[in-house]
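Step one of this worksheet: look at the structure below.
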Amino acid sequence: MTQRSTFSQQWLCRTVISFVAFFIVQTAHAQLTGVKNIPGNYPTLAAAITDLNAQGVGAGGVVLNLLSGNPQTTPVGGYVITAQGTAATPIILAGNGNIITAATGLSPGSCADGIFKIVGGDYITLTQFVMQENAANNVFSPANSNTMTEWGVALLHSSTTNGAQFNTIISNTISLDINYQNAVGVYSNSRHFSTSPGTVSEIVNNTTAPNSNNHILQNNISNVNVGVIFCGSVVPANMNQLNEIDGNTITNYGGQPHGTGFVGITSAQVFGIYVINECFHTISDNTLIAAPFNTGYGVRCIMTDFSAVPSGSVTNTITRNTVTFSQAGTASVAAIHTNSSVTIGSLTLNVTDNLVTNCDMISNGSLSGITNSAAAGTVNITGNTFRNNIITGTGGF
């Protein structure tokens, strides 16, 4: 009896252990759903993102909730998010005001370092993070030996058929280093590899490949060289569509042109917001207050451009933005500039209800409120206000 009882107990124990082990394995490989607290469900944000990328997201979506009072330092190169949600299974990363500091020990001259990089990820929301450069990253010139962080948030493709779509970057604070010419608050580019911004990787379709339907909303971006860059494909049918840059405050930016070693970024000018080869975009309700300029490079606080003719009829809108700057250098400044190097009869440009105010040209450069060099079929420039701007140098309007 004793021997049989011992055997039964041993069998029961082995069965329970096997069941628990099976359950743990199954749980470890289950898609993420519900609210996952950090710390709690995961020790760090990096561990949570690693699991998200590996397991994916399940029914109802997932919230990776970084509890307040838990500042983090990114992995080298930044957090890389590749998970793909859907409208029914969204992915939310909630920062709750936590400071996220870029890692040190970045590869010299890599030019592909970020704090968050969404690489082919879809339906991802980043909200309420305070992103900042690491003070120990201080080699910014020459570019091929820099140790700096290029991007607060980057939207990139994981392959030529899989772009970053339906993502929302909202209510974050982003601060990098204005002294580094490639420091960009939010950066999107459909034309290069995620790990090599100087290497061409053109997307090959107009459905899953473009970085489309992304929303950059109500962020505070400062101490950067460029606030926001969006660069679409040069293949007309594959250009990005329906991206929105709305309600952001971009301060203490500019002073030098963004590096031209990045695929698609070829204009040696100073920008606050730069958008090229993007269709049906909206740039609205942003406030741009530049660092004091002292540059011989042309300044375009908001600039849109086309280097190829888009497919079909396109309407792009720049509305209700406020722009303020001062310039002590020799170059001209345009608060808003629309451009194209090609004739686009099917393009409608709406530049309406913007405010250019409290600008000061200290030098002999010229100050322009709104300029258009785009050969578009229809250009509507209406309802804009140019107020309290002065020339204290020898330049003119």
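Determine the share of segment 332-392's accessible area contributed by carbon and sulfur atoms, expressed in whole percent, with a 1.4 angstrom probe. Can you show the working numbers first?
On the way: 1120 of 2510 Å².
Of all accessible area on segment 332-392, carbon and sulfur atoms account for 44 percent.
Hey, rough spin-label estimate for Thr315 and Thr392, points 7 angstrom out along Cα→Cβ, what's it come to in nanometres?
4.3
How far, in degrees from 0 to 90, does helix 2-28 lean away from the longest principal axis of the Cα atoms of the chain, to the nearest 10?
Result, in degrees: 10.
Amide H of Gly298: which non-local residues (sequence gap of 5 or more, or other chain) have their own amide H closer than 5 Å, using H built in the peptide plane?
Excluding prolines and chain starts, which carry no amide H, the hits are Val270.
Listed highest first by mean packing, meaning other Cβ atoms within 10 Å per residue, what order do 63-70, 313-320 come in?
Those peptides, ordered most packed to least, come out 313-320, 63-70.
Per-residue HN-Hα couplings for segment 69-85, Karplus 6.51 cos²θ - 1.76 cosθ + 1.60 at θ = phi - 60°, whole Hz, x for Gly and Pro?
Listing the rounded values in order: x, 10, x, 10, 10, 5, x, 4, x, x, 6, 10, 10, 10, 5, 10, x Hz.
From largest accessible area down, sort Arg387, Arg191; use a 1.4 Å probe on the protein chains. Could the numbers behind the result be given before it?
Details: Arg387 115, Arg191 35 Å².
Ranked from most to least accessible, the order is Arg387, Arg191.
What spacing in nm lies between the two simple spin-label points modelled at Gln218 and Thr378, each 7 Å away from Cα in the Cβ direction?
3.2
Rounded to a whole number of µm²/s, how large is the Stokes-Einstein D of the chain at 25 °C and 0.890 mPa s, given Rh as the Kirkwood radius over C-alpha pairs? Can you show the working numbers first?
Details: Rh = 22.2 Å.
D = 111 µm²/s.
Counting helices only, and only those DSSP H runs with n ≥ 4, report the 222 nm mean residue ellipticity of the chain as the sum of -39,500 (n - 2.57) divided by its residues, in deg cm²/dmol to the nearest 500.
Details: 2 runs with 38 residues, N = 397.
Mean residue ellipticity at 222 nm (helix-derived): -3500 deg cm²/dmol.
When DSSP assigns beta bridges and you keep just the ones with both residues in the chain, what percent turn out antiparallel, to the nearest 5? Please list the in-between numbers first.
Working: 3 of 119 bridges.
Roughly 5 percent of the DSSP beta bridges within the chain come out antiparallel.
Pairs of alpha-carbon atoms within less than 8 angstrom and 6+ residues apart define the contacts here; what relative contact order does segment 353-393 have, in percent?
On the way: 44 pairs, mean separation 29.0, N = 41.
Result for segment 353-393 is 71 percent.
At 1.4 Å probe size, what's the solvent-accessible area of Thr392? Round to the nearest 10 Å².
80
Any chance you could check the Cα centroid distance between segment 223-269 and segment 318-352 for me, in angstrom?
13
Over the chain, what relative contact order in percent results from Cα pairs under 8 Å that are six or more residues apart?
Values: 1206 pairs, mean separation 34.4, N = 397.
So the answer I get is 9 percent.
In whole angstrom, note down how far apart the Cα centers of segment 130-147 and segment 274-294 are.
24
Give me the one-decimal nm value for the distance between modelled label points at Thr86 and Asn70, 7 Å along each residue's Cα-to-Cβ direction.
About 2.9 nm separates the two model spin labels.
Pairs of Cα atoms under 8 Å, at least six residues apart: use those to get the relative contact order of segment 45-92, whole percent.
On the way: 44 pairs, mean separation 27.8, N = 48.
After rounding, I find 58 percent.
What angle do you read, to the nearest 10 degrees and between 0 and 90, between the alpha-carbon axis of helix 45-55 and the longest principal axis of the chain?
70
Considering the zone a paramagnetic label at Ile99 would reach in this model (a point 7 Å from Cα along the Cα-to-Cβ line), which residues of segment 178-219 have amide N under 18 Å from it?
178
The values are calculated or read from the model by the stated rules, or taken from the named source; none is laboratory data. Since we're looking at a predicted model, the values are computed, not measured. Positions of Cβ are backbone-derived with ideal geometry, glycine not excepted, and every protein chain shown enters the neighbour counts. SASA here: full protein model, heavy atoms, side chains in, ligands and nucleic acids out. Shrake-Rupley method; radii C 1.70, N 1.55, O 1.52, S 1.80 Å.
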